[in-house]
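To start, the structure under review is shown below, and the notes come after it.
The values are calculated or read from the model by the stated rules, or taken from the named source; none is laboratory data. Note that the structure is a prediction, hence the values are computed from the model and not measured. Using ideal geometry, Cβ is built from the backbone for each residue, glycine included, and neighbour counts are taken over all protein chains shown.
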């Protein structure tokens, strides 16, 4: 998964970089305001691609993340965001959203997949 979804910050790295407490990062993760997953050892990891250079999360990523998480576990949702998507001309959904393109094609694809997953 590291190759597909990573690289990642670990909790300590994110605390240091963002200057936030572990509790604040944990709360943002639980609330769906940060994209984070637990690895096989139970450590929290955070994909680096969600952050801009100042440490803010790209808002369209969070909107899609929250939608995907209604039916998918964190690893599946992150994987979905990192694979090529036919609705974006074969571009990776996260890249599309980060680049400032219209988020609607990605949101539409996410809604369709979430609808299928809920069956």
statement: Log entry, pairs with first residue in region 45-61 being within 14 Å of residue 14 (Cβ to Cβ), second being assigned to a loop (DSSP other than H, G, I, E, B), beta carbons closer than 6 Å, six or more apart or on different chains, reads 45/39; 46/36; 47/35; 48/7; 50/35
Answer from 11, 81 - the residue that is within 23 Å of residue 114 (Cα to Cα), touching a residue at least 12 places away in the same chain (Cβ under 8 Å) and touching a helix residue (DSSP H, G or I) at 6+ places or on another chain (Cβ under 7 Å): 81
field: Given (1) touching a residue at least 24 places away in the same chain (Cβ under 8 Å); (2) within 30 Å of residue 22 (Cβ to Cβ), index of the condition residue 73 fails
entry: (1)
message: Cβ-Cβ under 9 Å, sequence separation 6+ or interchain: first residue in region 87-107 and on the phi > 0 side of the Ramachandran plot and at pLDDT below 95, partner assigned to a helix (DSSP H, G or I) and surrounded by 15 or more Cβ atoms within 10 Å (Cβ to Cβ). Which pairs?
response: 89/96; 89/105; 100/60
